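To start, the structure under review is shown below, and the notes come after it.
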Amino acid sequence: MRTRTVIIAAVALLSGPLVAQEHKPVPKDSIRVSIPGCTKGYIFTAGRRTLDEPGSVSVPEGMHFRMNGPKKLIAEIKAQEGSMIEIIGVTKRGQHKPDGIGIGGGVRVSPGPGGSLPGSPVASQVDIDVEGWRPVAGHCPSR
């Protein structure tokens, strides 16, 4: 009887951390990504990928993401400003693909809204629901 109680207690203790580490299921129209880069406030800017830190998707360097997530997690990330990090999160599928044609140096030419209407300053920002982060090697450019 005592052995059975010890085994049940051990299984309960060992299975607890495994459940806590699982990610939420990803919706069908979204994708889980890991992207290296830098932060400034709630904006994450994708950085240059290296062979040892490739990230999980092909995101052009300099692309901006608006970070959403728990306040505590965002505060941890904001404390890393100026340091290169990798964020893990969920974003809509296909959103991270840039519009237009790349002409080099991070510059893209894309169709405008037409007429005399001004463009939207947040048109190229993509939302990402942040699940976690980790430090990576490298440095963020200072402006």
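Below, the figures for the structure above:
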| item | result |
| --- | --- |
| Computed FRET value (nearest 0.05) for K71 with V26, which takes r as the C-beta separation and R₀ as 25 Å | 0.65 |
| Eligible lysines near K28 by straight Cα distance, threshold 19 Å, same-chain separation 8 or greater | K92, K97 |
| Length gained when the stretch R48-H64 is fully extended (0.36 nm per residue, less Cα-Cα span) | 4.5 nm |
| Ordering of 73-82, 30-39, 125-134 by burial proxy (mean other Cβ atoms within 10 Å per residue, highest first) | 30-39, 125-134, 73-82 |
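Values in this text are rule-based calculations from the coordinates and carry no lab data. Since this is a predicted model, take the numbers as computed values, not measurements. Cβ atoms come from the backbone with ideal geometry, glycine included; neighbour counts cover every protein chain shown.
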